[in-house]
Amino acid sequence: MPDRPYTIVSCAVSVDGCLDDGSPERLILSGPEDLDEVDELRARADAILIGAGTIRADNPRLLVRDPARVAARERAGRPPHPLRVTLTTTGDIDPAARFFAGPGTPLVYAASAAVPAAKRNLGGAAVVIDAGAEPSVAAVLADLHSERLVATLLAEPGAIMARDLLAGNLADELRLAIAPFLVGDKTAPRFAMPAHYPQNPDAPMTLEDVRRLGDLVIIRYRIMRA
């Protein structure tokens, strides 16, 4: 039996591998066709995982947008939207963020020292879970699988969480949407931060698909579990 959910990592990057630029405004890397495909991935998932930094930077809702997909989930006896999940080491999350707006109550995994602050900040806007003194993405995935019965997880990570998922061999698929421009900003967050990755020249990922989608290139890799 697996010890974690089947996990899909989905990121949009520039040609030079940036997830954003260094400005306060969010850099738009995706397009309408890509957003629709990501919506389909969300509709298939039991839960969506992002980091607390992504909540602060992008303020996403993480809901399924297409009413037909919402209806299909409900007909199948599933909640209308996937469970929303984040991980914080400080508990410093704005309860007014769209992540908490619902429908549904999200999960916030917090470092033990940050649990009191997270509960004070969020009140009843989320279920706060003590993730241990040094919380890890691996522990979050294990808890989601064993305690929340999450079978399929979609991760829409920032730079740190993407590194932790891939370097920790915690992903089964990687979907990259590549925008047709370069950012060239040394302060920009980048995909695949330095780490020891098991997906190396001796154990490469398997290319499943390459497609043009609007002005973007979509690349999908399958990753074998170690």
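Some observations on this one:
- Residue match in the stretch 184-191 (condition: more than 23 Å from ALA167 (Cβ to Cβ), modelled with pLDDT of 95 or more and surrounded by fewer than 13 Cβ atoms within 10 Å (Cβ to Cβ)): yes
- In the stretch 151-161, the qualifying residues are those that are more than 17 Å from ILE218 (Cβ to Cβ), touching a Leu at 6+ places or on another chain (Cβ under 8 Å) and aliphatic (A, V, I, L, M), and the one that is surrounded by the fewest Cβ atoms within 10 Å (Cβ to Cβ) is ALA159.
- Qualifying residues in the stretch 214-225 (those that are of a type in the set (A, V, I, L, M) and at pLDDT 95 or above) - the one nearest to VAL140 (Cα to Cα): ILE223
- Among the candidates ILE129, ILE50, residue that is open to solvent by less than 50 Å² (accessible area, probe 1.4 Å), among the β-branched types (Val, Ile, Thr) and within 30 Å of ALA188 (Cβ to Cβ): ILE50
- Failed item in (1) among the β-branched types (Val, Ile, Thr); (2) in a helix (DSSP H, G or I); (3) modelled with pLDDT of 95 or more, with ILE48 passing the rest: (2)
- Residue match in the stretch 167-183 (condition: within 22 Å of VAL108 (Cα to Cα), in a helix (DSSP H, G or I) and free of Cβ contacts under 8 Å to residues at least 60 places away in the same chain): no
- Residue match in the stretch 42-64 (condition: more than 21 Å from THR90 (Cα to Cα) and without any contact (Cβ under 8 Å) to a residue 12 or more places away in the chain): no
- Residue, nearest to ALA126 (Cα to Cα), within the stretch 52-110, restricted to residues that are among the charged types (D, E, K, R) and not in a loop (DSSP other than H, G, I, E, B): ARG84
- None of ALA171, ALA195 is modelled with pLDDT of 95 or more and surrounded by 17 or more Cβ atoms within 10 Å (Cβ to Cβ) except ALA171.
So that you can scan it fast, the table gives a plain yes or no per residue for (1) among the basic types (Lys, Arg); (2) within 17 Å of ARG42 (Cβ to Cβ); (3) surrounded by 14 or more Cβ atoms within 10 Å (Cβ to Cβ):
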position: ARG73; (1), (2), (3): yes, yes, yes
position: PRO80; (1), (2), (3): no, yes, yes
position: LEU83; (1), (2), (3): no, yes, yes
position: ASP92; (1), (2), (3): no, no, no
position: PRO106; (1), (2), (3): no, yes, yes
position: ALA111; (1), (2), (3): no, no, yes
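The values are calculated or read from the model by the stated rules, or taken from the named source; none is laboratory data. Everything numeric here is computed off the predicted structure, so don't read it as measured data. Counting neighbours? That spans all protein chains shown, and the Cβs are built from the backbone with ideal geometry, glycine included. Side chains are part of the model used for accessible areas, which takes the heavy atoms of the whole protein and leaves out ligands, DNA and RNA. Shrake-Rupley method; radii C 1.70, N 1.55, O 1.52, S 1.80 Å.
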